Every structure is written in structure tokens, then in C-alpha cells.
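**Q** Please read through the structure below; I'll follow up with questions.
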Amino acid sequence: MARARGACKARSQPTQSVTECNTPAAPLDSSERQRQIEALFRGYARGVGSYALARVGDPQVAETIVSNVFLIVVRRIEQCRSSPAAWLWSIVRSELARYFRQHRPMAPLPATCLDPAPRPPEIAEGLEMQSRMRQALERLTEEQQRIVYLKFFLDVPNTQIAGELGLSASNVGVIVHRTLARLRELMETRSSNP
Amino acid sequence: MTQPPTNNSTDSASDDRSDADWARWAQTFRDARPVLPEAAMQRIEDGMRREMAQRPATRMNRKLSILVIIAIVLIGAAAAEWFISHHQAPPAPLVIRNTPATPRVRDEYPLDVPFGPQLIAPDQPILQLAENADLIGEAESRSDHARPSPPRPAVPSPASQPSALASPLLRAAARVAGEPPDGWHALGLLEMRRAAGVAAPLPQAVPPGVVEFHLDACWRMLPLPADRADALKAPLQSLRKEDGQASSQFWPSDFQLYSAMKTGKSQPPPDLAFAGAVGTFPSRAGEQARFDMLVELGTPKAQAALAVMTSRSYRPLLALRELDRWQGAAACRDRLRDGYLAAAHDLVERVFALRLLGRDRDADALLAKARQIRYLNDPRDLAVLLARLGPANAWTQLLQPLMRDEAGFIQNPPNLDQISPAIPARAIVQADAKSTQEGVGVYTGHVTINAGPWKLACDKLTAFRGSEQGTLLSAAGHIHITGILGLMGGTADEATFDTATGELKLAGHVRLETWEHAVELKSCSISRTGEVRNQMR
């Protein structure tokens, strides 16, 4: 990918190209701005959508949240001053917090009432797994949620996570492993105690 | 990928699980991640692209944006002002609009009758030779005069009682002067009181004109009686307080010298310099201040000039003659005499100065010329001349030149026989704009009518022919009238001036300011002689 006026540094990913913003204080012209937004969308949109869906459990709500996230990206791309993944995290976290703040007073419906139609066993198992994942993610700390988001939804390598957190790569590996262990513990505990 | 820590004793779950187990679980977690449908992702992308299309192509600097907005607002305001100003101006091809580059509209309407109050001829001559015979040194030659002056009352002195007419005039003058009065108004009031013979304490004047006021106050104290020999000290101190250079000027030095003589000193004060220009006698400023005060009180200029010139007092010259004879002033005597001649303005002053200088021939010649001008010596001749000239000609051809330079007037008197009152009186109308429709002229914008001594100001004036002859001038809006004898001014809602009769009719809320009080009327008329008639309250 072409380097955008010294502001973004390209790195290769298995499926998408992701840019990293370093000096975005200067205003961008339209072409650079559009290219940077599209790179962000191609690199992180599916991961953001997956994380949002994992958190809220409703595809329509998740679509709305992701749509809001990338509308904010379009409007505020000049504010992307460091890692686009970290910047996206701040937006995703804010939008999720807004959603949960608005829907917290509502009591959750029983799972049996969500979709009474009979489903194939694979689909039912997947839904069960997603439900456990959602509840487990809710119980993680802010830092652990950020690690899970970067590591398992955006597929950011440990070296980049270390750069964003200001830690060494080995230390990030330890934190990632502890987060994974905590997540596994929560999900297996939930599954063992239905 | 993830490597399980080998030195973490707190993580009990990771101790008994292999790396392969962790890798499998991680993959299971990855596989369990929910994924938004492709259609949803497409909708999100479409929405994002629409937002990108709506965003401006370039993001403008915020400061530059503010400047652009301010510039747009200013340009818009200027355009709006230009639009309003150019669309409010009436096309009006008949309108002559005044602009600073063009003169005001000026029209004249002839008056069919003699207009304005007739001058009241004084009962005293303008040249007061008989009263000042001692000063001009011709007491012995009075019998040689072909035509002696008629009996006349004495010049008012401070000891005399004020006349009944003077009292309201003085009260009005005091009201006009204000409290505290400025030097010029205080000087005018001082001279009016002197002429009326009313003694009053000197007011505390404030600038401007304070120096002239104190000089005249000192001048009018002369000559000092024996029991008040040091009376000049206080006003001289006030004069020095107002003017730090006063001690070195001519007239203050003269007063100091006179004070030293009266207090019995044999030598003049050592700091007398007689520096600076002599100017005129201190009474000259007093005359002008009194004239201005009378005009301000509504007196026509010609009448005010007659009042000023027929009530002059030259008593202070007696003090100067006494000082001239003092041996202590021998060193500066020539300087003083030259100064008196340079300052001489009136006939008596000039002859007095010439006598002191020993130029009796010049003095006699000047006196002879003065006596040849009969209307300056005989009030009866003056009354005839004033009646023939009329107020306007009397002011411009006779009284104004006399007030400016009496001695010069006598040296080269104008031939008033060639001047007749045939100069028709006119009402002069001036305004910013005039329009004419069907023979009716409409004046607008700072309209003024000058008819003789009268001056009427208004917002709008309509001029149309009367039923018989003459022109009716109908005024409206902020009417203010001045110049009517006996009135300090007046206001009204409506006014009509008839050039055929010279009568001014006032209507609406009429308010006339007399010397003593204000009169509120519904309507009234003022005759061409200044008499207020037909008053309706």
C-alpha cells in the first residue's frame, strides 16, 4: 500500500492491509483521507463487527453500532494519531458503553423467548457458545476486554499490542495467556453450570 | 501464537494443560466468534461511503473558516447598507437636495412693508464730548461750538438707582450668564450693571474670558477714592492667578503703578515691565461682551449697539491722567502715553492720548471733524437718520463701523446721504432641499427664515401665494424663533409668516421666553414691530 504523506505505515496482514497513523496533526487532502478510511474499514471492519456482535448478541444492534463507529471514523479521521486499532477501540468502547447505558434498565428476556423456532443442532450449539462468550466478555476487566478485542477479533500480533500498551512482547504474551485462561474459565464454568 | 507461561505459579489452570490444548481452545474461541452477515457489512460500507461523499473535499483550517465567515458577513452587511441607502433615496426629479459639496437652497421673498422693530433713538449723543470735556481738554472752547448739545441725563454711575426697565433685563442677563458664569458672560453682566447703575459683587467667573473680566473689573474701579487706595490689590491678585504673565503685561503693570501711586509710594514697583502688546483699553472687551449679552437676550444688533455706545464711561481716563502727572512714573511715562494712543479706539480715548503726548493740533483736528458729523453729536439728528436708514442700514452703514473703529469712522465718515431705505426688506429662506409642485415650494431640512432681526428655524416650510398679494410661509416641525425684541426666544408647533403684512402667527403649543418668565399660549401673533397680540391661553 502506498505510504500516505508519511502519516501511515503499511503492514501486511493475512487478508487485509492495515495502516498505522503516526503524524495526523496536519489536515489530510481528500484522496489520502479516503484511502486511509478505506484501509481502516478493510482491515478492521469485520473484526469490529464480530466483537460488537459478540458483546451485544443482536446482529441488528451490532450493525448499528459498527455503522456508528465507522461514521465517526469518517468524521474524525484526522484524530487518528497513533495505532488505528487502538483508536478504533476507543470508539468501539464508547459506542458499546453508550448502548449498554441506554439498555441497562431493561431486564433481559429469557433465552427461550428470543427465538422459539426449532433450530438445527449446530446452530443451536453456536448460539449457545456465543451466549457464553458474551457473558464471559462482560465479566472481563477493561484491560482484558481490550486484549481480547485486539488479539482475537482484530488479529493484531503481540508485537503491535505491546507497542500500544507500552509493554514488551513477552509480557504481552503472558497477559494474553492469562486473559485467555480467564475467558476459558468463565466460559467453561458457565457451561458446567447451566 | 499464544505461549503458556512456564513460570507463573498463580495460574493454576495453565499448569496442567499442554500448549496444544491451549491452541485448540484458542482456535475454538476464534471459531465461535460471531460474524456479522455480509449484507450487514455491505450496508455499513455503503453508509460509510455516503458519509465520505458528504464530507467536504478538503478540510479547511478552522481559523481560515472563521475569517471567511466574517468576510462574508461584512460583505453582506455592506451590500445591505448600499441596497437600503440606494433604494430609500426618492427619485424626485423636482427635488434639489443639498449635499456637502453643494450650497444650501436659498430663496428670497420680498417684504411688502417695512419690517422689524423700528430703532428706538437714544436721547443722548453717541459722542459724549460734553461730559468728557475735561478729558479731551476743550472746556475753554465749548462756547465756540456752533451747535451745543441738548440737555441730557448724566451718565449712569454706580451710585444711581437702576431704572424700572433695567431690572428685568438684568435678571434675565444673570440667568443667561448662569452660575458660575464664564468670564465673557460675567464681563457682559458687569458692563450691563455698570450701565444701569446697579452695584453688585463681582461674580466668580470661570474660563474662558476670565482675564478680560478681571482687567475690566480693575478698569472700572478707576479712579480710586482716597479711602480705597488699595482696592486694586485683590483684583490684581486674581488676575495674576489666572494669568501668570499678567504682572509683566501693559495694563496690569499700569494698574500696579497706579496702585503704588495711590498708596503713597514715591517709586514704582521694581518688577513693572509693560511688556507685550497693548491691545485696546480694557473697556473695549467689556463693550463687546455687553453687546453680545444684549443680542443674546433678543435685542436687535442695531439697538444693542446704540445702547452700548451711548452709555460709555471714560472716568478711568481721569486716573490715567493723574498717573501721568505723578513724578514716580516719569521713567515709564513715554511708554505709557504711546500705549494709550495705540490702544485708543474711541474718539475720547484718542483725543485724550493725543493731549497727553502734546499733539494738540492733531487732537483739535480730530475733534473738529467729529463735530462736523452732526448725527454723532445731536440725538435729534441721529433719530432722523435712523428713521431714514432703517434698522438694517443703520447697523451695517453706521453703527457697526462705529463700534469697530470710532476714530477711523470720524476720520473718513461715509456719505449716508446717498443711502436710502429703498433697499427692499426680504425674507431669506434657506434649506437643505426644495421641491416645487404646482407653484407651491416645499423646503425641507434645517430650514431657516431670516426676516430683518427675526430668525425662524423649522423642519419644513411651505411657500405659497396668498389670496391677495405677498407670500405665505407656513412652517412646521421644531419651530424656534429668535430676534424678537423683548423675547429671548420662542417655540411653537406651527407658524405662518405673511410677507404682505409682516405678521407672524404662532399656533399649537406656543411658548415664549421673556426676560423674566415663560409664557404658554395656544396661539398668538407677532406684529412686524415685535408686538405680541391676540394671545390665546
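**Q** Restricting attention to region B:318-355, and to residues there that are under 16 Å from B:F255 (Cα atoms) and basic (K, R), which single residue is surrounded by the most Cβ atoms within 10 Å (Cβ to Cβ)?
**A** B:R337
**Q** I'm checking my understanding of the structure. Among residues of region A:30-63 that are more than 7 Å from chain B (Cβ to nearest Cβ) and without any contact (Cβ under 8 Å) to a residue 12 or more places away in the chain, which one is nearest to A:M133 (Cα to Cα)?
**A** A:D58
**Q** Something else: Only one of B:R350, B:R333, B:R284 is in contact with a helix residue (DSSP H, G or I) (Cβ under 7 Å, 6 or more places away or on another chain) and modelled with pLDDT of 90 or more; which?
**A** The unique qualifying residue is B:R350.
**Q** Still on this model: What are the pairs with Cβ atoms under 8 angstrom where one residue, in region A:64-87, is surrounded by 21 or more Cβ atoms within 10 Å (Cβ to Cβ) and the other, located anywhere, is of a type in the set (S, T, Y)? Sequence gap at least six, or different chains.
**A** A:I65/A:Y99; A:P84/A:T19; A:P84/A:Y44; A:A85/A:Y44
**Q** Oh, and also: Which of the residues that make up region B:164-208 are touching a Phe, Trp or Tyr at 6+ places or on another chain (Cβ under 7 Å) and farther than 22 Å from B:G298 by Cα?
**A** Of everything in region B:164-208, those that are touching a Phe, Trp or Tyr at 6+ places or on another chain (Cβ under 7 Å) and farther than 22 Å from B:G298 by Cα turn out to be B:A205, B:P208.
**Q** Among the residues of region B:356-371, count how many are buried (at least 18 other Cβ atoms within 10 Å of the Cβ), among the small types (G, A, S) and free of Cβ contacts under 8 Å to residues at least 40 places away in the same chain.
**A** Looking only at that region, the number is 0.
**Q** Are any residues in region A:44-54 crowded, with 24+ Cβ neighbours inside 10 Å and within 17 Å of B:G47 (Cα to Cα), and if so, which ones?
**A** A:Y44, A:V48, A:G49
**Q** Sticking with this structure for a sec: Sort through A:S67, A:S50, A:S131, A:S94 and tell me the only one that's of a type in the set (S, T, Y), assigned to a helix (DSSP H, G or I), modelled with pLDDT of 85 or more and under 27 Å from A:R184 (Cβ atoms).
**A** A:S50
**Q** Quick check: is even one residue across region B:323-342 among the polar types (S, T, N, Q) and either closer than 25 Å to B:R194 by Cα or in contact with a Phe, Trp or Tyr (Cβ under 9 Å, 6 or more places away or on another chain) (or both)?
**A** The answer is no, given that none of the residues of region B:323-342 is among the polar types (S, T, N, Q) and either closer than 25 Å to B:R194 by Cα or in contact with a Phe, Trp or Tyr (Cβ under 9 Å, 6 or more places away or on another chain) (or both).
**Q** Given B:S311, B:S283, which one is part of a loop (DSSP other than H, G, I, E, B) and closer than 16 Å to B:R193 by Cα?
**A** One residue alone meets the criteria, B:S311.
**Q** Now for a different question. Are there any pairs, at least 6 apart or on different chains, whose C-beta atoms fall under 8 Å, with the first in region B:519-532 and over 15 Å from B:D493 (Cβ atoms) and the second outside any strand (DSSP E or B) and among the hydrophobic types (A, V, I, L, M, F, W, C), and if so, which?
**A** Every condition considered, the pairs that remain are B:I526/B:I484; B:R528/B:V113; B:R528/B:F115; B:G530/B:I484; B:G530/B:L485.
**Q** Of the residues that sit in region A:76-98 and are within 13 Å of chain B (Cβ to nearest Cβ) and out of contact with any helix residue (DSSP H, G or I) (no Cβ under 7 Å at 6 or more places or on another chain), which one is farthest from A:S30 (Cα to Cα)?
**A** Only one residue fits best here, namely A:Q79.
**Q** With (1) closer than 30 Å to B:A427 by Cα; (2) at pLDDT 90 or above as the list, and B:Q397 as the residue in question, which single condition is left unmet?
**A** In the conditions (1) closer than 30 Å to B:A427 by Cα; (2) at pLDDT 90 or above, B:Q397 misses (2) alone.
**Q** Restricting region A:155-178 to residues that are assigned to a loop (DSSP other than H, G, I, E, B) and within 11 Å of chain B (Cβ to nearest Cβ), which is nearest to A:Y51 (Cα to Cα)?
**A** A:D155
**Q** Given the condition at pLDDT below 90, part of a helix (DSSP H, G or I) and closer than 27 Å to B:R194 by Cβ, answer yes or no: does some residue in region B:385-393 qualify? So that I can check it myself, show each step before the final result.
**A** From region B:385-393, those at pLDDT below 90 are B:385-393; that's our starting set.
Next, from what is left, pick out any that are part of a helix (DSSP H, G or I): B:385-393.
Still in the list and also closer than 27 Å to B:R194 by Cβ: B:386, B:391.
Yes - at least one qualifying residue is present in region B:385-393.
**Q** Scan region B:57-64 and tell me whether some residue there is at pLDDT below 85, more than 10 Å from chain A (Cβ to nearest Cβ) and within 30 Å of A:V56 (Cβ to Cβ).
**A** No, there is no match, as no residue in region B:57-64 is at pLDDT below 85, more than 10 Å from chain A (Cβ to nearest Cβ) and within 30 Å of A:V56 (Cβ to Cβ).
**Q** Taking only region B:1-41 into account, find how many residues are among the β-branched types (V, I, T) and at pLDDT 50 or above. Let's see the steps before the verdict.
**A** In the first step, residues of region B:1-41 are kept if they are among the β-branched types (V, I, T); the result is B:2, B:6, B:10, B:28, B:35.
Now drop any that are not at pLDDT 50 or above, which leaves B:28, B:35.
Selection size over region B:1-41: 2.
**Q** Among the residues of region B:512-537, which ones are at pLDDT 80 or above, touching a Gly at 6+ places or on another chain (Cβ under 6 Å) and charged (D, E, K, R)?
**A** B:E513
The values are calculated or read from the model by the stated rules, or taken from the named source; none is laboratory data. Here the structure is a predicted model, which means the values were calculated and not measured. So basically every Cβ, Gly included, is an ideal-geometry build from the backbone, and we count neighbours across all protein chains shown.
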